[in-house]
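The values are calculated or read from the model by the stated rules, or taken from the named source; none is laboratory data. If you're wondering where the values come from, they're calculated on a predicted model, not measured in any experiment. When we count neighbours, we look across all protein chains shown, and the Cβ atoms used for this are built from the backbone with ideal geometry, even at glycine. With ligands, DNA and RNA removed, areas are computed over all heavy atoms of the protein, side chains included. Shrake-Rupley method; radii C 1.70, N 1.55, O 1.52, S 1.80 Å.
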Amino acid sequence: QVQLVESGGGLVQPGGSLRLSCVASGHTFIRYPVAWFRQAAGKGREIVGAINWSGGSSYYPDSVKGRFTISRDNARNTVYLQMNSLKPEDTAVYYCATKAALFGQLVTGQSEYDYWGQGTHVTVSS
C-alpha cells in the first residue's frame, strides 16, 4: 500500500558525502517509523539508521555512528540519510523501509518492516 522511492546514490570518493532521499506515497507515512538498510554485494542486509515517527528518536549501528544521520521532513513525505566521511566499505545498495505502525517507535530488525523501496546504489571508490 505504501510505495517508497530512493534516490541520491552515486559514485563518491573516500571521505566524501552523499545525501539519500526516500519519498513515500500517502499521508500516513508521516506517522510511521522508517529505517535505512544496506546490502553489499555477496553480503546480508544490515541496518544503518532508524527513526521514529516524529523524528525525535534515532538509532545507528557502531559502524556508521558519527558519520551517518537520518532525518525526516514529514511535510514532504521524505526521509533522508546524510552520509559523511564515506569509506569504501560503505559501498552497497541502500534501501528505505517503513513499518505500518501509526505513531510507532523505531525498530531495528528488517523483518519488522512492511514496505521497501527498490534501492539506490552507493559506490565509494577512488
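Applied to region 35-51, the Karplus parametrisation 6.51 cos²θ - 1.76 cosθ + 1.60 on θ = phi - 60° returns per-residue 3J(HN,Hα) values of 9, 10, 10, 9, 9, 7, 4, x, 10, x, 7, 10, 6, 10, x, 9, 8 Hz, with x for Gly and Pro.
From the C-alpha coordinates alone, can you work out the Kirkwood hydrodynamic radius of region 16-95, in Å?
Taking the inverse mean of 1/r over all distinct Cα pairs, region 16-95 comes out at 13.0 Å.
The separation of region 6-58 from region 67-126, counted between C-alpha centres, amounts to 1 Å. Taking the Cα centre of region 9-126 as reference, the dipole from Cβ charges on Lys and Arg (+1) and Asp and Glu (-1) amounts to some 140 debye.
Between Rg and the Kirkwood Rh of region 78-126, both from Cα atoms, what is the Rg to Rh ratio? Dividing the radius of gyration by the Kirkwood radius yields 1.04. Farthest towards the positive end of the charge dipole of region 47-104, among the residues TYR94, THR69, ASN52, is the Cα of ASN52, using unit charges on the Cβ of Lys, Arg, Asp and Glu. Taken about its Cα centre, region 71-126 carries a charge dipole of about 140 debye when Lys and Arg each add +1 at the Cβ and Asp and Glu each add -1 at the Cβ.
The residues of the chain present an accessible area of 50 Å² per residue when probed at 1.4 Å with all protein chains retained.
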